Every structure is written in C-alpha cells, then in structure tokens.
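This report concerns only the one structure given below.
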Amino acid sequence: MSSTKEEAPAVRVLGLWASPFVIRVLIALRLKGVEHEVLEEVVGKKSELLLRSNPVHKKIPVLLHHGKPISESLIIVQYIDEVWSSNAPAILPADPYVRAVERFWAQYIDDKFPRGIRILKGTVDGNKDEIVEQLSTALQLLEEAFLKLSNGKHYFGGDNIGYLDIALGSHVGWVRAVEKIAGVQLLDAAKVPHLVAWADRFCAHPAVVDVLPSADRFVEYSVKYGSFFPTRPSLPTE
Ligand SMILES: N[C@@H](CCC(=O)N[C@@H](CS)C(=O)NCC(=O)O)C(=O)O
C-alpha cells in the first residue's frame, strides 16, 4: 500500500483563530465545502512555514494548495471561488460592474476597519473619538451600499453570502469586541438597522458560526495578547 495517509492535505491554511483575515478564508472554504486543515500559528512567534510561504509580508492567512502558497485574504477568497467554482453558489458576483463595486467596498473596509479596531483596542496610538466618528461614517455608507446591493435580500450577495459579506462580516467580531473594550457603540441599531440585522444573520450562518468567535472571546484575546504577533518578554521568542 502506498502511504497516501502520510501526505499533507491538499488544502491547508496557516492562521490564527482570532484573525479576521483568516476567518475570511475559513468561511469561503466552508461555503464551498472544501476539506482543509488549519495550522495554527503560535501567538508571538511566526512559524518557519509562514515565513517561507509569505516571505514578502510574513502575515497570515496563507492558503497552501497542493503546497503552493497564496497570500492576502481577499485574493485567497477569490482563488477559492475560482478553483471550486462548481461546488456552491459563486462568492463573487457574475456581473463585472457589481464585482467592481464589491471590490471597491472591500478595499474601503480594509482601509478603515483594521486600523480603527487596533486604535480602539489600544494596540496602536490614535485619537479614539476621531476613529469612532470615522467608523460610524463608514458603517453608515456601508448601510447604504447594503440597501443597494442586497436588493431587499438577506446578504450583500443577495440570497447567499458573497464576497462583500465575507469582507465585512469577518470584522464584525472585533467590532463588537472593541465596542466593549473602548465603551463605544458602532453597530448601532438606531443608526444602521439593516447592517445590524445583516450582522446577526451573517454570524448565525452555518458557514460562519463555528469560525467567527463571540465578542467575548476576542476581548479575552485582546486582554491576554494585545496584537497578533506582539513582541513581549512573556511570549515565546526565537
Ligand atoms: N491584508 C492582509 C492582512 C493580514 C494581516 O494583517 N494579518 C495579521 C494577523 S490579523 C498578521 O499576520 N500580522 C502579522 C504582522 O503584522 O507581522 C490580508 O488581508 O490577508
């Protein structure tokens, strides 16, 4: 018998459960029903495999497909959609214009949310009041975008979770966590009711519920570690 059991699974993800970018990849794989293995990085210490697989940015997530590395969460989501195109409804919209619009908003989300969340967590310096203002404006714009793109359906992608749902939804856990940490309100039902309802639906979706932890777990993580790869004497070092 050949030792196929010993071979690495075709799809592996280098990640960390608390990373919103990793969560994107896990949601996309689950939506497409792709079997995969998650290799959890140790907080504070990047693995050799990560450094070798993403030598440019040295960041998670990395998707290893038959050993070939792909980096950057949104690029990975698009890759998964293309490779497993027949597995489930498409993640990206078919219409090139709608696709461009969703990519625009996804880039906007990544311009605003990761930095804002770090400032509210206190791992990066910045004016918290200004950030709350900026994130509230961003959420207001995204509420309007949701109304246009969803066409009265449940998700940005219509009847199914799509690219923009994944791009924004992956940040929802941390948004709710920093609301608790900083004592602010961002996903406010009085201001962005459709987005709040969408966020609840997204978090409860079967492809999401097991990989998007509760706000409390993010809060605990934040108290314990601060950032993802912090340099702290108490953490493992080289
Ligand atoms: N734009 C990247 C961001 C990835 C990212 O920032 N990952 C964080 C964890 S959430 C990381 O690996 N940080 C390590 C570092 O900054 O050195 C993506 O979408 O994949």
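Overview of results
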| read-out | value |
| --- | --- |
| Every residue from the range 180-229 that is of a type in the set (Val, Ile, Thr) and at pLDDT 95 or above | 181, 184, 192, 196, 208, 209, 211, 219 |
| Selection within the range 194-217 - within 19 Å of residue 135 (Cα to Cα) and either open to solvent by less than 60 Å² (accessible area, probe 1.4 Å) or outside the structural domain of residue 139 (by TED's automatic domain parsing) (or both) | 195, 196, 197, 198, 199, 215 |
| Every pair of residues 6+ apart whose Cβ atoms lie under 6 Å, when the first sits in the range 46-67 and is assigned by TED's automatic domain parsing to the domain that holds residue 20 while the second is hydrophobic (A, V, I, L, M, F, W, C) and open to solvent by 20 Å² or more (accessible area, probe 1.4 Å) | 58/51; 61/21; 63/70; 66/10 |
| Test: residue in the range 122-138 that is within 24 Å of residue 81 (Cα to Cα), touching a residue at least 12 places away in the same chain (Cβ under 8 Å) and open to solvent by less than 70 Å² (accessible area, probe 1.4 Å) | no |
| Cβ pairs under 8 Å, 6+ apart, first in the range 96-108 and over 22 Å from residue 137 (Cα atoms), second open to solvent by less than 50 Å² (accessible area, probe 1.4 Å) | 98/149; 99/92; 99/93; 99/163 |
| Per-region count, the range 156-198, residues closer than 17 Å to residue 137 by Cα and of a type in the set (A, V, I, L, M) | 12 |
| Residue selected from the range 20-70 under the condition farther than 25 Å from residue 173 by Cα and surrounded by 14 or more Cβ atoms within 10 Å (Cβ to Cβ), by the criterion nearest to the ligand (Cβ to nearest atom) | 54 |
| Hits in the range 71-95 - residues which are hydrophobic (A, V, I, L, M, F, W, C), more than 10 Å from the ligand (Cβ to nearest atom) and within 17 Å of residue 12 (Cβ to Cβ) | 80, 83, 84 |
| Hey, residue 147 among the hydrophobic types (A, V, I, L, M, F, W, C) and open to solvent by less than 80 Å² (accessible area, probe 1.4 Å) or not | no |
| Verdict on residue 116 being in the same structural domain as residue 211 (by TED's automatic domain parsing), under 22 Å from residue 227 (Cα atoms) and either open to solvent by less than 10 Å² (accessible area, probe 1.4 Å) or part of a helix (DSSP H, G or I) (or both) | yes |
| Residue in the range 189-199 that is within 24 Å of residue 226 (Cβ to Cβ) and out of contact with any Asp or Glu (no Cβ under 6 Å at 6 or more places or on another chain) present | no |
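Listed here are the residues, each with its yes/no results for (1) touching a residue at least 60 places away in the same chain (Cβ under 8 Å); (2) among the aliphatic types (A, V, I, L, M).
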{"position": "176", "(1), (2)": "no, no"}
{"position": "182", "(1), (2)": "yes, yes"}
{"position": "187", "(1), (2)": "no, yes"}
{"position": "190", "(1), (2)": "no, yes"}
{"position": "203", "(1), (2)": "no, no"}
{"position": "216", "(1), (2)": "no, no"}
{"position": "223", "(1), (2)": "no, yes"}
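The values are calculated or read from the model by the stated rules, or taken from the named source; none is laboratory data. If you're wondering where the values come from, they're calculated on a predicted model, not measured in any experiment. Don't worry about glycine lacking a Cβ; one is built from the backbone with ideal geometry, like all the others, and counts go over all protein chains shown. With ligands, DNA and RNA removed, areas are computed over all heavy atoms of the protein, side chains included. Shrake-Rupley method; radii C 1.70, N 1.55, O 1.52, S 1.80 Å.
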